[in-house]
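The values are calculated or read from the model by the stated rules, or taken from the named source; none is laboratory data. Keep in mind the model is a prediction, meaning the values are calculated, not measured. When we count neighbours, we look across all protein chains shown, and the Cβ atoms used for this are built from the backbone with ideal geometry, even at glycine. With ligands, DNA and RNA removed, areas are computed over all heavy atoms of the protein, side chains included. Shrake-Rupley method; radii C 1.70, N 1.55, O 1.52, S 1.80 Å.
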Amino acid sequence: MKLGLVLHELHRSENDLGIELLQVSERNKADHEIYHLGRDLAKWSQNHVREIAEIGKQYGQNLDPEPKHELNLAEKLREKGSDLIGRRGTPALLMLRDLREIYMKASGVSADWEMLAQAAQGIKHTDLLEVTKRCHPQTLRQMRWANAMLKVNSTQALIT
């Protein structure tokens, strides 16, 4: 059975998505919706990491139940350096890039949840299926939020 591989990848992807949501909310503090909702949506990914780690034990996976929260120091310095030397675009375009990244990562996580749900249903592992039923709808919500924010902000950012 290869469910352990999917759980491992899903654990990594949910951690990445949670970190991305926190970083984007931090970079866009001026936009209250992105700041506050981004932080709330990151908590969902953090809870998913815990649930994946717990169910992963049944499939031989030793996954850290503690979600990752922030970039390491080297990554923060590199990002700050890029800001200072002006390699980045305007704030509105950066926001679009951030939202696009969230959408792409949430889409990948959603695909992993879908694969896991199909496998759990096929082998009739109800515990695993229940985890997918709790977590996947929240991932879809994260994806829809990023898409909606892209729609709201694209026109203004791209025509001015």
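Values computed for the structure shown
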{"item": "Residue list for the range 20-62, filter: open to solvent by 20 Å² or more (accessible area, probe 1.4 Å) and among the β-branched types (Val, Ile, Thr)", "result": "none"}
{"item": "Close pairs (9 angstrom Cβ cut-off, 6 or more residues apart or separate chains): farther than 19 Å from ALA106 by Cα in the range 116-139, surrounded by fewer than 12 Cβ atoms within 10 Å (Cβ to Cβ) anywhere", "result": "ALA119/MET1; ALA119/LYS2; ALA120/THR126; ALA120/ASP127; ILE123/MET1"}
{"item": "Qualifying position, being exposed (fewer than 14 other Cβ atoms within 10 Å of the Cβ) and modelled with pLDDT of 95 or more, among ARG100, ARG134", "result": "ARG134"}
{"item": "Any hit, the range 69-90, residues being at pLDDT 90 or above and over 19 Å from ASP127 (Cα atoms)", "result": "no"}
{"item": "Scope the range 4-56; condition assigned to a helix (DSSP H, G or I) and of a type in the set (Gly, Ala, Ser); matching residues", "result": "GLY4, SER13, GLY18, SER25, GLY38, ALA42, SER45, ALA53, GLY56"}
{"item": "Count - residues of the range 121-131 that are surrounded by fewer than 15 Cβ atoms within 10 Å (Cβ to Cβ) and within 13 Å of GLN58 (Cβ to Cβ)", "result": "4"}
{"item": "Sole residue being modelled with pLDDT under 95, loosely packed, with under 13 Cβ neighbours inside 10 Å, of a type outside the set (Lys, Arg) and out of contact with any His (no Cβ under 9 Å at 6 or more places or on another chain), chosen from GLN118, GLN156", "result": "GLN156"}
